[in-house]
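Below is one structure, written out as structure tokens, with a few remarks after it.
The values are calculated or read from the model by the stated rules, or taken from the named source; none is laboratory data. Keep in mind it's a predicted model, so treat the numbers as computed, not measured. Note: ideal-geometry Cβ built from the backbone for every residue, glycine included; neighbour counts use all protein chains shown.
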Ligand SMILES: O=P(O)(O)OC[C@@H](O)[C@@H](O)c1c[nH]c2ccccc12
């Protein structure tokens, strides 16, 4: 794991010995590190506005979560589709200018999505927690808060805004944090989608307790290169371990045609996570229908 963290914020008691600390005047070594450093500042601002104990107090009245994992495994004709509400990305810029998150979510629900993924990062993906909240009120599907989680605060914040699942990215988290965040997510009645991109991350995650849903990102988040072979090679090498442990697998990113979906499904993926190719279509729900017919 190569990601470094900023010098610790004295107000936050984080086990920084788990991470290399960058010099105060250092530049980020890649886009992922830049996103994580920005996230550290963002979450500090969130905490200023609404301290953790206040988030936890408001959570006492939060409605029960929908079962994100059950919605994936209940799909009659796998692979289940997690359809993503994504306006922009660092590698592609604005993907969909005419971006109405509620209309997109409703279109996906019509089109047969099993679950939705909602980008909540504002600076790099033009997403937001207000989108998550609006979509929660507009559709019945389980929702994944798609963000860069580096603190427990963010998991509870995501639940407060209607998320049923959160993304835990192995590339930016130590094993200790991954294990701790898995426990917190479960305790909150939510699903953790633990995301890997290579065999080393895959083996790190398999050594953890409580992993039920594993995402293989075909996109390298440090370079944004995409290759569907990532899913095929990882599942060829380690797929049996996942099925033995009953772990559900999601192939994420770079799925543009039905052939792509069939390719990753044939390699053993139980679900797929698709954003850009649907976001580029006038009606994302119709694009989804055409992908799975
Ligand atoms: O737009 P695509 O190529 O269909 O990819 C969707 C989704 O997999 C991608 O947005 C994603 C997967 N893991 C992430 C982590 C952070 C940000 C984004 C992602």
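May I ask you to verify whether residue 280 is within 10 Å of the ligand (Cβ to nearest atom), surrounded by fewer than 18 Cβ atoms within 10 Å (Cβ to Cβ) and in contact (Cβ under 8 Å) with a residue 24 or more places away in the chain?
The answer is yes for residue 280.
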For residues that are part of a helix (DSSP H, G or I) and free of Cβ contacts under 8 Å to residues at least 24 places away in the same chain, scanning just the range 239-257, find the one that is farthest from residue 290 (Cα to Cα).
244
Mind listing just one residue for me: the one in the range 208-236 that is in a strand (DSSP E or B) and in contact with a helix residue (DSSP H, G or I) (Cβ under 6 Å, 6 or more places away or on another chain) and, of those, nearest to residue 262 (Cα to Cα)?
216
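Given the condition exposed (fewer than 15 other Cβ atoms within 10 Å of the Cβ) and under 19 Å from the mean Cα position of the chain (by Cα), answer yes or no: does some residue in the range 229-245 qualify?
Here is the first cut: in the range 229-245, the ones exposed (fewer than 15 other Cβ atoms within 10 Å of the Cβ) are 229, 236-237, 240-241, 243-245.
Now narrow it down to the ones that are under 19 Å from the mean Cα position of the chain (by Cα): none.
No; the residues of the range 229-245 include none that is exposed (fewer than 15 other Cβ atoms within 10 Å of the Cβ) and under 19 Å from the mean Cα position of the chain (by Cα).
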For helices (runs of 4 or more DSSP H) lying entirely in the range 49-160, having 3 or more residues that are in contact (Cβ under 8 Å) with a residue 12 or more places away in the chain, surrounded by 15 or more Cβ atoms within 10 Å (Cβ to Cβ) and within 16 Å of the ligand (Cβ to nearest atom) picks out 101-111, 129-138, 152-160
Residue 182 - would you say it is away from the ligand (no atom under 16 Å from the Cβ) and in contact (Cβ under 8 Å) with a residue 24 or more places away in the chain?
yes
Among 214, 221, which is under 20 Å from residue 147 (Cα atoms), buried (at least 17 other Cβ atoms within 10 Å of the Cβ), modelled with pLDDT under 95 and within 16 Å of the ligand (Cβ to nearest atom)?
221
What is the number of the single condition among (1) within 12 Å of the ligand (Cβ to nearest atom); (2) over 25 Å from residue 107 (Cβ atoms); (3) without any contact (Cβ under 8 Å) to a residue 60 or more places away in the chain; (4) out of contact with any strand residue (DSSP E or B) (no Cβ under 7 Å at 6 or more places or on another chain) that residue 260 does not meet?
(2)
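State all residues of the range 181-207 that are assigned to a loop (DSSP other than H, G, I, E, B) and surrounded by 15 or more Cβ atoms within 10 Å (Cβ to Cβ); if no residue qualifies, say none.
Hits for the range 181-207 are 188, 190, 197, 198.
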